[in-house]
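The values are calculated or read from the model by the stated rules, or taken from the named source; none is laboratory data. Computed from a predicted model, the values in this text were never measured in an experiment. Positions of Cβ are generated from backbone atoms using ideal geometry, with glycine treated the same way; all protein chains shown enter the neighbour counts.
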Amino acid sequence: MIIIGIDPGTVITGIGIIETGKNLLRPVFYDAIKLDKYAYFPVRLKVIYDKILEKIDEYKPDEFAIETVFYGKNIQSALKTGQARGVSFLAAMQREIPASEYSPREIKKAVTGNGAASKEQVSYMVQNILKINKAPKLFDVTDALAVAICHYNRMSSPRAKFTNWKSFIEAHPEKIIGVKK
């Protein structure tokens, strides 16, 4: 299975693609889309969309995962990042790839075991997990790989087989009190 992870941003968007399988977890592609912060904003969004679509077409991922917006002190940044997420989602939907999103805390915990891990800790663990010898220059890149790893971990979890309570109950009617086997 191939998973594309996205760390959205309007100046730098990280893209990380991993391949998974039995005893397999390896990086396939990782880089960043670097944009001029003074460029016309709609053009930056189009570049993000086009580049993600290009990588989707090239690597044919089975799953798409993206980081949710982190709201700090600047609401404008959060709104613009939300628009970058929107065009990223659109690229995945254009190719009918199932999409999931994860909070920064979930991603950090999935990769380091600590939801409050630093960017350096996440980068170090991503390098170890994926056996990358030389660290990417930008944290946006290791963050994107971390998103993909988080998604893989979630999909590998026994809970991942069930998308809602109804599917769980249908698979395990014996777990419901008063229902006979």
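Laid out as a table, the results:
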{"item": "Residue match in the range 36-50 (condition: more than 13 Å from Phe89 (Cα to Cα), surrounded by 20 or more Cβ atoms within 10 Å (Cβ to Cβ) and out of contact with any strand residue (DSSP E or B) (no Cβ under 7 Å at 6 or more places or on another chain))", "result": "yes"}
{"item": "Scope the range 94-128; condition surrounded by fewer than 16 Cβ atoms within 10 Å (Cβ to Cβ), polar (S, T, N, Q) and either over 20 Å from Tyr59 (Cβ atoms) or touching a residue at least 60 places away in the same chain (Cβ under 8 Å) (or both); matching residues", "result": "Ser103, Asn114, Ser118, Gln121, Asn128"}
{"item": "Helices (runs of 4 or more DSSP H) within the range 1-116 that include 2 or more residues among the aliphatic types (A, V, I, L, M) and more than 13 Å from Leu145 (Cα to Cα)", "result": "41-59, 75-94"}
{"item": "Breaking point among (1) surrounded by 20 or more Cβ atoms within 10 Å (Cβ to Cβ); (2) within 22 Å of Phe29 (Cβ to Cβ), for Asn133", "result": "(1)"}
{"item": "One residue from Asn128, Asn114 being polar (S, T, N, Q), over 11 Å from the mean Cα position of the chain (by Cα) and within 22 Å of Met1 (Cβ to Cβ)", "result": "Asn128"}
{"item": "In the range 65-88, the residues that are within 15 Å of Ile52 (Cα to Cα) and surrounded by fewer than 19 Cβ atoms within 10 Å (Cβ to Cβ)", "result": "Gln83, Gly86"}
{"item": "Any hit, the range 68-86, residues being within 21 Å of Pro27 (Cα to Cα) and not basic (Lys, Arg)", "result": "no"}
{"item": "Residues being touching a helix residue (DSSP H, G or I) at 6+ places or on another chain (Cβ under 6 Å) and either polar (S, T, N, Q) or in a loop (DSSP other than H, G, I, E, B) (or both) - total across the range 117-134", "result": "3"}
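This table checks each residue for (1) modelled with pLDDT of 95 or more; (2) under 15 Å from Gly16 (Cα atoms).
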residue: Ala116; (1), (2): no, no
residue: Val126; (1), (2): yes, yes
residue: Leu130; (1), (2): yes, yes
residue: Pro136; (1), (2): no, yes
residue: Asp143; (1), (2): yes, yes
residue: Ala146; (1), (2): yes, yes
residue: Cys150; (1), (2): yes, yes
residue: Ser156; (1), (2): no, no
